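Take a look at the structure set out below.
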Amino acid sequence: MAESGRRNPSGAHPHARPSRHLGSGANVVRYARTVEIRIRAAVASDKEAIAAFTQTTFTWGDYVADEFDRWLDDPRGQTAVAVGPDDIPIAMARWSLLSPTEVWGQGARVHPDHRRKGISSRLTEACEQWARERGALVLRLVTEDWNTAAQAQVTRSGFRNVCKWTMWERTIGNAAPSVAGNGGSRVPSDERLTLAGAPEAGPAYLAWSVGAIAAASHGFITERWTWRRMHVQDLVAAARRRALWVCPAGWLIGEVDDDRPDTFWVSWLMAAPDDAHRLLRAAIDRASSEAAERIVFLLPKVAWLDQAARRAGLDAAHNLLVYERPIT
Ligand SMILES: CC(C)(COP(=O)(O)OP(=O)(O)OC[C@H]1O[C@@H](n2cnc3c(N)ncnc32)[C@H](O)[C@@H]1OP(=O)(O)O)[C@@H](O)C(=O)NCCC(=O)NCCS
């Protein structure tokens with residue numbers, strides 16, 4: 001499928017030849033430009049080579065080696081590697097089923113010496129085959145707005161950008177405005193979030209699904225840096241784990257981050273334009289009550305929501321682009 005975006009198929013992979021796919025369990029020799037590669041399922045002993053070539057992927061390093069063992073143990077997904085004739089990985093990718101029809105791709109990494117040889121595109125093809133065999137209908141992934149290489153590669157592989165998101169953050173030591181002369185004590189926001197029960201899920205979902213936030217979200221909800229179609233049951237589940245909050249300004253899903261207990265993470269919200277700032281302030285107060293030191297909001301790009309976030313003292317830490325392509 002990665003070939004579908006190519007303008008000149010004859011020049012794409014001159015040595016390509018028909019092959020069986022990873023999903024069928026085959027050990028298949030594939031040829032990418034100028035390098036002979038084989039794509040196979042990752043095994044525990046691949047970790048060292050992956051850790052070595054991903055050490056400096058980003059300015060801050062990389063997370064794939066840390067996640068590698070957990071990914072191997074997770075039956076919902078597949079970690080694949082591209083290996084050269086010596087069977088040492090020179091590229092990897094991870095994909096998993098987020099629902100029966102939605103596959104999430106992540107961890108695409110190609111050794112810096114082997115980029116622009118069509119390897120990532122080959123891994124994308126293997127991902128699509130795996131997804132098709134499981135009856136999935138769509139592949140998705142996210143990249144940062146500065147990552148033009150990733151954007152070019154996935155566009156070439158037939159993906160399109162369907163929505164933009166911003167991760168907003170701020171420390172909350174002095175979350176709310178303080179009143180001069182009273183020792184800097186916090187002034188509570190006008191509204192106070194209280195836990196919403198499961199019966200709130202229906203009205204919250206209905207309000208969201210007809211509004212601008214759902215449209216900008218492309219109907220998605222985020223969960224641990226993945227994006228998938230949202231359903232009313234997601235709000236029911238949030239209510240049951242005591243993470244769905246309500247106040248007159250709107251609803252949100254907010255909870256202390258499992259991985260970073262100093263962070264209160266807001267992964268979904270619903271507010272009308274005039275109410276957004278009040279809801280964000282109420283969330284910051286809530287985070288403060290949870291003794292969090294930092295609050296994060298992962299929000300779709302909507303001009304009035306951006307404005308409300310800045311007004312609430314939030315900084316845009318990451319701008320994210322979600323891409324998708326149907327499985328054909
Ligand atoms: C992004 C990445 C995975 C691409 O892997 P790759 O194997 O080099 O990509 P491919 O060779 O399959 O690229 C296919 C096409 O994508 C486009 N492309 C890929 N990298 C590009 C770049 N740096 N600049 C411009 N276009 C690029 C080109 O159109 C290319 O075809 P061409 O070489 O015939 O012009 C690789 O650069 C990488 O590992 N980057 C660091 C990790 C990362 O950012 N991962 C993605 C996180 S979302």
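The values are calculated or read from the model by the stated rules, or taken from the named source; none is laboratory data. Quick caveat, the model's predicted, so the values are computed rather than measured. A quick note on method: Cβ atoms are made from the backbone with ideal geometry, for glycine too, and the neighbour counts reach across all protein chains shown. To get the accessible areas, we keep the full protein, side chains included, count just its heavy atoms, and leave off ligands, DNA and RNA. Shrake-Rupley method; radii C 1.70, N 1.55, O 1.52, S 1.80 Å.
Values computed for the structure shown
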quantity: Relative contact order (%) - criterion: Cα under 8 Å, at least six apart; region: the chain; calculated: 19 percent
quantity: Surface accessible to a 1.4 Å probe, per residue, for the residues of segment 214-286, Å²; calculated: 41 Å²
quantity: Among Thr155, Thr263, Thr56: highest mean-square fluctuation, GNM of the chain, C-alpha pairs under 10 Å; calculated: Thr56
quantity: Reduced Cα scattering model of the chain, Debye log10 I(q)/I(0), q = 0.09, 0.15 Å⁻¹; calculated: -0.54, -1.19
quantity: DSSP H segments from the chain that extend 18 Å or more along their own axis, Cα-based, with Kyte-Doolittle mean of -0.5 or above; calculated: 276-289
quantity: Principal axes of segment 42-145: Cα extent on each, largest first, Å; calculated: 34, 33, 28
quantity: By average C-beta atoms within 10 angstrom, highest first, the peptides 254-262, 196-204; calculated: 196-204, 254-262
quantity: Surface/4 estimate of mean projected area, convex hull on alpha-carbon atoms of segment 88-241, nm²; calculated: 14.1 nm²
quantity: Protein accessible area in segment 165-323, 1.4 Å probe - carbon and sulfur %; calculated: 52 percent
quantity: Highest to lowest packing among 136-145, 69-78, scored as the average C-beta count within 10 Å; calculated: 136-145, 69-78
